[in-house]
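**Q** For reference, the structure I am asking about is given below.
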Amino acid sequence: MHTLEDLKGEDILLMDIREVAIFADFFVICTSTSERMLDALATAVLDKTKPVLPQRGRLEGRAQDGWLLVDFGDVVVHLLSPDRRDYYRLEELWSQGKVLLRLQ
């Protein structure tokens, strides 16, 4: 979370979805205002977690499409442009999950 905040990620949300999903335990959702920043955030997440997580994150998506996903199995990090975040409304889709932390 600090990595995302340090690199100017916006509206960072940590959700516990264990009670509502079988494919993951937590979502991290973060907005970034440019393709370059989306790529930088994804790279930073992969680099910072490499020494501490047993499973290497799998990167999916393209910054130019406005949505990058870093999948660690139990934790899925969603990095979105503002328009993609508004369009997909993941917080509303998974509203039965519990918000653990929100940094705005």
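Read-outs: derived from the displayed coordinates by stated rules, not from any lab. Given the structure is predicted, the values throughout are model-derived calculations rather than measurements. Cβ atoms come from the backbone with ideal geometry, glycine included; neighbour counts cover every protein chain shown.
**Q** Name the most mobile residue of Val76, Val52, Val28, meaning the one with the largest mean-square fluctuation, in a Gaussian network model of the chain with Cα contacts below 10 Å.
**A** Val52
**Q** Net charge near Gln104: determine it from the other residues with C-beta under 14 Å of the C-beta of Gln104, scoring Lys and Arg +1 and Asp and Glu -1.
**A** Value of the local net charge: -1.
**Q** With all pairs of different alpha carbon atoms counted, what Kirkwood hydrodynamic radius in Å does segment 8-54 show?
**A** That comes to 12.2 Å for segment 8-54.
**Q** Where the Cα atoms of segment 44-101 are projected onto their three principal axes, how long is each span, largest first, in whole Å?
**A** In descending order, the Cα extents are 33, 30, 16 Å.
**Q** Using percent of Cα pairs over 22 Å apart as the read-out, say which of (i) 42; (ii) 22; (iii) 38 was calculated from these coordinates.
**A** Label of the calculated value: (ii).
**Q** Which GluC sites (Glu not before Pro) in segment 1-77 pass both tests, a DSSP loop state and at most 13 other beta-carbon atoms within 10 Å?
**A** Glu19
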